[in-house]
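The structure appears below as structure tokens.
Read-outs throughout are calculated quantities, based only on the coordinates presented, and are distinct from any laboratory measurement. What you see is a predicted model; the values in this text were computed from it and never measured. When we count neighbours, we look across all protein chains shown, and the Cβ atoms used for this are built from the backbone with ideal geometry, even at glycine.
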Amino acid sequence: MEAQNTALYRVDPRFKHEVAAQPGGDNLQACFACGACTAGCPVTEIDAAYNPRRIIRQVLLGLEEEVLKSDLLWLCTTCFTCYAHCPQDVKFTDIMGVLRNMAVERGYVHPSFTQRLEDADEYCQSMRRRLALHLLKDKDQAGTFDPKNAEGLLGEDEV
Ligand code: SF4
Ligand code: SF4
């Protein structure tokens, strides 16, 4: 994962206003950095470098390039957990949508990238469905799930 070094990036005080002006970005400045979004985020659980609270602080500080060029921007699964946990109704999931659109519009990623990501998300959902249906075959028995065996399970015939 890329290094996080704010000292290398230019600060643009207009950035937070540009984000807040987009549909979905309007509650950005209500954030008081409590961290509830980060505490419940399933992506943060597997990759501590992904931190919704930090991303919002970076936007408020005007770190456009650091935010929009970061690979982290694309790790959110839009599960809306942070949306439900936020005491300030910041709607971080919507803000991620705004930031991703900006990243495309401002040339940080190729426009085709978002379609590739949507295709990858659809593939992941398909894999989860197949895995769940496989596990359901012995749902009435005690058992465990070992991720190391997942590939073999997915290689079996479609359920
Ligand atoms: S939960 Fe809401 S208020 Fe708290 S840090 Fe996240 S976005 Fe900000
Ligand atoms: S919507 Fe994105 S940032 Fe929010 S909890 Fe889900 S994965 Fe994390």
Study note, to complete from the structure: Applied in sequence order to region 112-125, the curve 6.51 cos²θ - 1.76 cosθ + 1.60 (Karplus, θ = phi - 60°) yields integer Hz couplings, x standing for Gly and Pro, of 6, 4, 5, 5, 4, 5, 4, 5, 5, 4, 5, 5, 4, 5
**Study point:** Estimated [θ] at 222 nm from DSSP helical runs (n ≥ 4, -39500 (n - 2.57)) normalised by residues in the chain, nearest 500
**Key:** -13500 deg cm²/dmol
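Around residue 51, with a cut-off of 12 angstrom between Cβ atoms, what is the net charge of the other residues, counting Lys and Arg +1 and Asp and Glu -1? Walk me through the intermediate numbers first.
Values: positive: 53, 54, 57; negative: 45, 47.
Overall, the nearby charge balance is +1.
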Revision key, fill the gap. Phi angles of region 41-48, converted by Karplus (6.51 cos²θ - 1.76 cosθ + 1.60, θ = phi - 60°) into ³J(HN,Hα) in whole Hz with x for Gly and Pro, give 7, x, 6, 4, 4, 9, 8, 5
Study note, to complete from the structure: Between the Cα axis of helix 92-105 and the main Cα principal axis of the chain, the angle (0 to 90°, nearest 10) is 70 degrees
Study note, to complete from the structure: So for region 57-129, using the alpha carbon gyration tensor with a ≥ b ≥ c as root eigenvalues (a/c under 1.5 gives rounded; past that, a/b versus b/c decides prolate or oblate), I'd call it oblate
Exercise for review: Order the peptides 119-128, 61-70, 139-148 from the highest to the lowest mean number of other Cβ atoms within 10 Å of their residues.
Suggested key: 61-70, 119-128, 139-148
Study note, to complete from the structure: Ordering 14-20, 132-138 by per-residue average of other C-beta atoms within 10 angstrom, highest first, gives 14-20, 132-138
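What is the sum of charges, Lys and Arg at +1 and Asp and Glu at -1, for the other residues whose Cβ falls under 13 Å from the Cβ of residue 105? Don't skip to the answer; put the middle values down first.
Numbers: positive: 100, 106; negative: 18, 64.
Overall, the nearby charge balance is 0.
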Exercise for review: Note down the relative contact order for the chain as a percent, whole number, built from C-alpha pairs under 8 angstrom at least six residues apart.
Suggested key: 23 percent
Study note, to complete from the structure: Taking Lys and Arg as +1 and Asp and Glu as -1, residues besides residue 41 with C-beta under 10 Å from its C-beta add up to -1
Exercise for review: Scan around residue 62 for amide H atoms under 5 Å from its own, H built in the peptide plane at 1.01 Å from N, and keep only partners 5 or more places away or cross-chain.
Suggested key: 16
